[in-house]
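Encoded as structure tokens, the structure appears first; notes follow it.
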Amino acid sequence: MFMLLASFIAVPSFALDLQSSALLSGDRLTLAALGAERGEIVWFARGDGLGSGPCIAAAGGLCLDITGAAALGSVPADDDGRAVYTVNVPGGLSGEVAFQALVMRGEKSDAIELSVDGAVWLRDADYDGFGDPMNVMSATGGSAPFGYTDLDGDCADDNDRVHRGAPEICDGLDNDCGDAWTSADEAGLATFFKDHGTVIDVTVALAEGPFTPDAGGELRFCDGDFSAEIQTDGYDLDLRSQGPRGSSRLTSSAGRVLEADGVNIDIEGLTITGVSGTIDVPEALWVNGGTLTLSEVDLLDNNARALSLIDTDASIVDVSFERNVHPDLDDFWSEGGAIHASGGQLALTDVSFLQNHANHGADVMVQDDAVATLVRVDVSGSKGRSALRTSHGASLDIRDSTVASTQGVGVRCYEFGSISLSDVLVTDTGL
């Protein structure tokens, strides 16, 4: 036990952080001091209340801030500088008890006063107003200490979007801390995670369309079918499926699911299908400038060009284009049933084309100095005068690919375009 001095001397600044569990009569109290040195002995003292206390000779004259102080005991700090001391609380204890921690090199914690009859507060680490019932403290006074609340119901105290009564959003989490949550609870929801941290449900806003974001961020879709008309000309966007590939399906009767001008777009895991409209050339995805990344995306059965690119650098990986039909086949010059690119650089890897239809370039049409590289691409059943076509200074570099069973010419070069083929199998079609 440490010796006490009667005199009072100057107090050094606080260096330790003392925390406690609730002070409950007949229960066990846990005191934890943070900030000690590894292996250093930390002493714990109790007193009658807060005030000028005795000074400790062995600690260089360090004075405590609790009256009637007595030593409880000591423990060494662990590798993280944390010392934990547990003591039995006598039954029938009432009133207030003060505690303080110190180390003999002359540093101490702030003193704390706990009340057996006081309120029990729950830790609210994410500041959403709801606390963790497994992490509580007792304190006097009528208001909660900073970072604590009297409301329970937080099953994930590191996420302010998860607590009792919180609305479900598309994030794969049990937002309202229900008892039997499954992914079906968030089916049909779409959520916008803005880059600056704000999260909003946009399910209704997408349906009412057009949806024009006021910040960059990620649009996340849970299992279901969505009517969407997304327009962005100032903010980068990611569009992703929360569930497995194909579980979220986007469509539009306005001619475009996405219209992006001068921004960077990343789309993953979505199915885009059934797009139609009365605009001159409906295009499921229309991207002008910026960049586009498509991965694990399926563009199926659109009565529209699937993808239109203008001076855009695009990376397309593990994507399928199936049964996309140019809406104006009566026009002899209808081009690009699946992809139409004017300028920019395209890189297609592990992409499949099946039964797409346009009079020219049913699957891929590149022009105006566009540069396209196709690696491990499978083209089959194309309808129209050509499946893959280049013109007006554009180039196609096709490697390790198959072009088969096309209605017209499989690969065609027209008006100053260029084509390079390496390990390409062409069957039931022509060049």
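Side notes on the structure shown:
- Length added when fully stretched, SER253-LEU151, from 0.36 nm per residue minus Cα-Cα: 32.1 nm
- Note on ASP423 and ASP368: with the Förster distance fixed at 22 Å, the Cβ-Cβ geometry gives a FRET efficiency of about 0.20.
- Extension gain, ASP400 back to THR30 (0.36 nm per residue minus Cα-Cα distance, nm): 126.5 nm
- Partnerless cysteines, meaning none of the other Cys C-beta atoms lie under 4.7 Å away, in the chain: CYS413
- Exposure here means at most 10 other Cβ atoms within 10 Å; with chymotrypsin sites (Phe, Trp or Tyr not before Pro) in a DSSP loop as sites, the longest stretch of the chain lacking them is 147-331.
- Using the Cβ-Cβ distance between ASP110 and ALA205 with R0 set to 35 Å, the FRET efficiency from 1/(1 + (r/R0)^6) comes to roughly 0.10.
- Kirkwood analysis of segment 23-111, using all unique Cα-Cα pairs, places the hydrodynamic radius at 13.3 Å.
- Here segment 205-332 is treated as an ellipsoid with the same Cα gyration tensor; its semi-axes, largest first and in whole Å, are 20, 17, 15.
- Residue list for segment 214-255, given a label point 7 angstrom along the Cα-to-Cβ vector of LYS194 and an amide N cut-off under 12 Å: 214-218
- Volume per residue of the convex hull around the Cα atoms, evaluated for segment 183-427, comes out as 102 Å³.
- Cα centroid separation, segment 372-431 to segment 45-65 (Å): 86 Å
- Cα principal axis extents for the chain, largest first, Å: 103, 39, 33
- Using a Gaussian network model of the chain in which every pair of alpha carbons under 10 angstrom is joined by a spring, one finds that among ASP301, ASP378, ASP331 the greatest mean-square fluctuation is at ASP331.
- Across q = 0.16 Å⁻¹, segment 176-251 modelled as identical point scatterers on its alpha-carbon atoms has Debye log10 I(q)/I(0) values of -0.58, in the order of the q list.
- Compared with the alpha-carbon gap, the fully stretched path from LEU72 to ARG38 is longer by 10.2 nm at 0.36 nm per residue.
- Orientation-averaged projected area, Cα convex hull of segment 309-369 (nm²): 3.9 nm²
- Percentage, to the nearest whole number, of Cα pairs in segment 299-431 over 17 Å apart: 49 percent
We did not get these values from a lab; they are worked out from the coordinates using the rules stated. Just so it is clear, the model here is predicted, and its values are computed rather than measured. Positions of Cβ are generated from backbone atoms using ideal geometry, with glycine treated the same way; all protein chains shown enter the neighbour counts.
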